[in-house]
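Rule-based calculations on the coordinates, nothing more; no lab input. Keep in mind it's a predicted model, so treat the numbers as computed, not measured. All Cβ positions, even for glycine, are placed from backbone atoms using ideal geometry, and neighbour counts span all protein chains on display.
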Amino acid sequence: MNISAKQGERFAHAGLALLLLGLLPLALGPYWLNLVGKYLAFSFVAVGIVLAWGYCGILSLGQGVFFGFGGYAMAMFLKLEASAPELPDFMVWSSVEQLPFWWEPYSSFGVTLASIFLVPIPVAFIFAYAIFRKRVSGVYFAIVTIALSMTLVVLNIGQQGETGGANGITDFSTLLGFDIINDAGKKAIYWVEVGLLLAATTLAALLLHSRFGKLLIAVRDREDRVRFSGFDTAMIKAFIFTVSAVLSSVGGAMFALQAGLVTPSLIGAVTSVELVIYAAVGGRLSVVGAVVGALLVGFTKSYLSEHYPETWLFFLGAMFIFVVWVLPNGLADLFRKILRVKA
Amino acid sequence: MDNALATTSFAVASQRPESIAASQPVNAKSTLMNGKILSIEALTVSFDGFKAVDGLDMSIDENELRVVIGPNGAGKTTLLDMICGKTKPTSGSIRFRGTELSKLSDYQIVRMGVGRKFQTPSIYEDLTVAENLEISIPQVHGVWASIFFRRTKEVRERIAYVAEEIMLKDHLRMKSGKLSHGQKQWLEIGMLLMQDSDLMLLDEPVAGMSPREREETAELLKRIANGKSLVVIEHDMDFVRSIAKKVTVLHQGRLLSEGSVEEVQNDPRVIEVYLGH
Amino acid sequence: MPTTSIKEAIVTFGILVMQLFNGLSLFTILLLMALGLAIVFGLMGVINMAHGEIMAMGAYTTYLTASFFERHLPGLMDVYLFVAILLAFCVTFAFGYLLERGFIRWFYHRPLDTLLATWGLSLILQQTYRSVFGAQEVSVPLTAWLSGAWEPTESIQLPLNRIFIVALTILVTLGVWLILHKTRWGLRARAVTQNRAMSSAVGIDTNRVDALIFALGSGLAGIAGSVFTMVGSTNPGTGQLYIVDSFIVVVFGGVASLLGTAASSFLIAQMQTTLEYLMSGSMAKVAILLLVITVLYFRPNGLFASKVRA
């Protein structure tokens, strides 16, 4: 087969839509579909990583921060709804008398939604712009993001009464009165999630095809030259980092809905680094690849953890090494080579 | 080292025919600086005690083509680094049409109209020649502008025009990584032309080129010198002679001599330092 | 009354001395951890996220040595520690050498890829430890002559094992410095890291130097891990605890400088012990991390990096 790159990409997007909208819901029962939903939540982050890391060379090992933020935002709303009119149970157990002020806004769905989409924007942008202005190298940036995610985990766990601590927040029941625990509810959430995800992948693809997409590549490969063409590269990098942060936040919110719980481990370094591998396996230069990668690795994790728990870490570690060593552009690249897509 | 030469070339410039970019209206600010586009005073930069450039005074006139020569380590590249904002000077001033450059960041300096060509060709190897030129369009420096940018007919024509000037008209769709060394240098010059820089800093533009390519580059530079100011660093004295009106010689970070090619070559101080050529 | 205030003064002085010693002890621990990393990251630019697991390797080796001595040479228990440290060094040195030759060298010039690949390695090592030694903690028996404390005065108690660590760290650091700056090999090593092409041109086997530098860094990690068995137990996740701290120390101090690493360990240790006195342990950690990030913002190359011509 000899396909052009553009055609190949269209096929991939179409294939993905077919898979998520048609094949999986028809073939899988509610338990498996729910699992798919969980891993699709990770794929939001993976798409962001493709944009920021694959195309712009920014490796962030702290995406868990934003993923956790979205997750906890949604969780707070759901928990408040489930516990109303009383305080959430973990607060009662920690003898917290009054709802902490920063929980208050999350009794409104509108505010919750807005914060999931909007709060990461100034936070991510200011952080990233401030750092990139200083021309901090990629390695330092990665280490700083690990350090920050660690810091947040420590803070989160320390404030047990207000955040649920190490156990996180769980026991949700309804979203705006709509049951989210029964099968029908979960299926509805699945559709919403897929809708959002396909919108995200389409937007990402459009972005990458615009002039801006070429700029990202230029910044990744020759940042100095881009600056000497008159571009403020810190702005470009901060922008794409912010996009990836918002995607992670949305993913986190979806995760809360699908998994029914959020814990500090979602914020931490381990998750953040794993998220990078999901993207890397699928293909750090392929938006569709990232989604597929997340699904594949996620399923492998579930399978191995259940049947051969000892082997999961071996597998994950080997996956890191394999992807970096043998297949730097992931499975998507392999596909391209097999189908002989013209570069 | 007087300015007679400079004023003459400025007078000639105002009657020049259409240049590559749209012809430049005389910048009001340049009259403030007596027709000088660049004015450098007491420029010094020190790296851990070593003074790469030491109290340098020099100026470039509007529409001048100045060549800077000097032995290795004289500070030539460092000088360009400071003008274009890659390195911050320790003290002294660099004024471009009245604006102090040492306070600006590199991309801001580019937007003011200063373009730099690096010693080793610095182009986007993964992108095609046309894409390389396109990225250099000055109007699209913002994020949103880039996202919504459309390749209009005007843009295409401009790219074709510049490509012809830099002798790469037939290579527009080639991945620039595949060009020859000399062609890459021309592409980089082309990117500066697209940027429409008023002051172009060229660091060894003919390094590694064949004699034929050197000739063509000399012609290219003479063409684009119309309406623009150029500062060229070079070692090849034949090439220097073929393009230069005025030459500045640097040595150990200081100005050693300035004048026409002949004056400088006969200057005993220069002979002593250079020994030959 | 004069006598009471003198007594109070002595007690306060004692507390101060012990605080300072705590800081000193933490300083030497951080330094020992970071030393191996500084060598590898600073000299070679290689980011080894499995550094913590190599420390754990040293710790587990020590545990095995202790068990062996307990079972077969109970009479020599007093000296097993020295054997253990030496053995830990040898094992991790060899491992490091093989690792560099077989794995790390494929990722030179790709620091982010090295980061990910070595993270993968660390996961594999962690699981190996879990499978071989079990998920629970193991600890080594206390060496008799190192338990207890030195009490120069009534109010000052300085634990002997910590004094041992301080002494060992000083020895090791001196040793490393001597090797790098006073031996022929050290000169070659520094030449290779500063100018590979030239070094190769004058006949230095750069591959071997690379492998040996990395091996040295791993060996130092092994010593650190071995020594830490004296102050804590070991489990498969121990490496993860150490790794980020070590990186922060190295990055904070300025990657290309041993002096920077030492100074950075000192500063961070002092800050940590002082802050822990004032607030809870986890908050102290948070405060330190934020401080380091802020300093790095203003001096991205660390405190002691010199300004280099681009």
Distant-in-sequence amide H partners of B:V232 (H built 1.01 Å from N, under 5 Å): B:R66, B:V67, B:V68, B:L202
Restricting the range A:130-225 to trypsin sites (Lys or Arg not before Pro) in coil, as DSSP defines it, with at most 16 other Cβ within 10 Å: A:K134, A:R135
Low-density loop positions, trypsin sites (Lys or Arg not before Pro), the range C:217-310 - DSSP coil, at most 11 other Cβ in 10 Å: C:K307, C:R309
Rh (Kirkwood; distinct C-alpha pairs) - the range C:64-114, Å: 13.1
The range B:119-277 - charge dipole about Cα centre, Lys and Arg +1 at Cβ, Asp and Glu -1, debye rounded to 20: 520
DSSP-loop chymotrypsin sites (Phe, Trp or Tyr not before Pro) across the range C:1-31, with at most 12 other Cβ within 10 angstrom: none
Euclidean distance between Cα centres, the range A:284-310 to the range A:63-96, Å: 28
Lys/Arg +1, Asp/Glu -1 at C-beta; the range A:5-338 dipole; positive extreme among A:G71, A:I169, A:L196: A:L196
Label-point separation, B:S93 to A:V96 (7 Å along Cα→Cβ), nm: 6.0
Degrees, to the nearest 10: A:5-17 long Cα axis against longest axis of chain A: 20
Stokes-Einstein translational diffusion, chain C - Kirkwood Rh over all Cα pairs, 1.306 mPa s, 10 °C, in µm²/s: 77
Hull shadow area, averaged, the range C:145-271 [alpha-carbon convex hull, nm²]: 10.3
Neighbour-count order for A:V123, C:V292, C:V251, fewest beta carbons within 10 angstrom listed first: A:V123, C:V292, C:V251
Considering only the protein assembly as shown, percent of DSSP beta bridges that pair antiparallel, nearest 5: 65
Shape box of the range A:5-338 [Cα atoms, principal axes, largest first, Å]: 58, 48, 39
Hz values of 3J(HN,Hα) by residue in the range A:149-158 - Karplus curve (6.51, -1.76, 1.60), Gly and Pro given as x: 5, 4, 4, 5, 5, 4, 4, 4, 5, x
Computed label-point distance, nm, for sites B:K103 and C:M279 using a 7 Å Cα→Cβ extension: 3.8
Separation of alpha-carbon centers, the range C:129-205 and the range B:30-78, rounded to whole Å: 51
Dipole-positive endmost among B:T217, B:G85, B:Q108 within the range B:2-275 (Cβ charges, Cα centre): B:Q108
Loop-exposed GluC sites (Glu not before Pro) per DSSP, neighbour cap 16 Cβ within 10 angstrom, longest uninterrupted part of chain A: A:98-309
Share antiparallel - DSSP beta bridges, the range B:2-275, percent rounded to 5: 55
Inter-site label distance for B:K169 and C:W177 at 7 Å from Cα along Cβ, in nm: 6.9
Largest-first ellipsoid semi-axes for the protein assembly as shown, taking √(5λ) over the Cα gyration tensor eigenvalues, angstrom: 54, 39, 27
Karplus 3J(HN,Hα) series, Hz, for the range A:48-62 with 6.51 cos²θ - 1.76 cosθ + 1.60 (x for Gly, Pro): x, 5, 4, 4, 7, 8, x, 9, 10, x, 9, 9, 10, 9, x
For the range B:206-277, size of Cβ-based charge dipole, Lys and Arg +1, Asp and Glu -1, in debye: 280
Charge dipole (the protein assembly as shown, unit charges on Cβ, about Cα centre) - positive-most of B:A52, C:I288, A:F255: B:A52
0 to 90° range, to nearest 10: angle between helix A:183-209 axis and chain A longest Cα axis: 30
For the range B:2-275, projected area of the alpha-carbon convex hull averaged over all directions, nm²: 15.0
Between helix C:184-194 and chain C: long-axis angle, C-alpha atoms, 0 to 90°, nearest 10: 70
Chain B: calculated mean residue ellipticity at 222 nm from DSSP helix runs of at least 4, using -39500 (n - 2.57): -10500 deg cm²/dmol
DSSP beta bridges in the range B:136-277 [antiparallel fraction, %, rounded to 5]: 50
The protein assembly as shown - charge dipole about Cα centre, Lys and Arg +1 at Cβ, Asp and Glu -1, debye rounded to 20: 1720
Which of C:T65, C:T229, C:T273 has the fewest Cβ neighbours within 10 Å, and the rest in rising order: C:T273, C:T65, C:T229
Count, lysine Cα pairs under 16 Å in chain A, 8 or more residues apart or across chains: 8
Other-chain or far-sequence residues with amide H under 5 Å of A:L175's (modelled H): A:I180
Alpha-carbon centroid distance for the pair the range C:72-98 / the range C:14-47, whole angstrom: 22
Stretch in chain A that is longest and holds no chymotrypsin sites (Phe, Trp or Tyr not before Pro) that DSSP places in a loop and that have at most 14 other beta carbons within 10 Å: A:103-343
Nonlocal amide H pairs with B:S257, under 5 Å, H built at 1.01 Å: B:V249
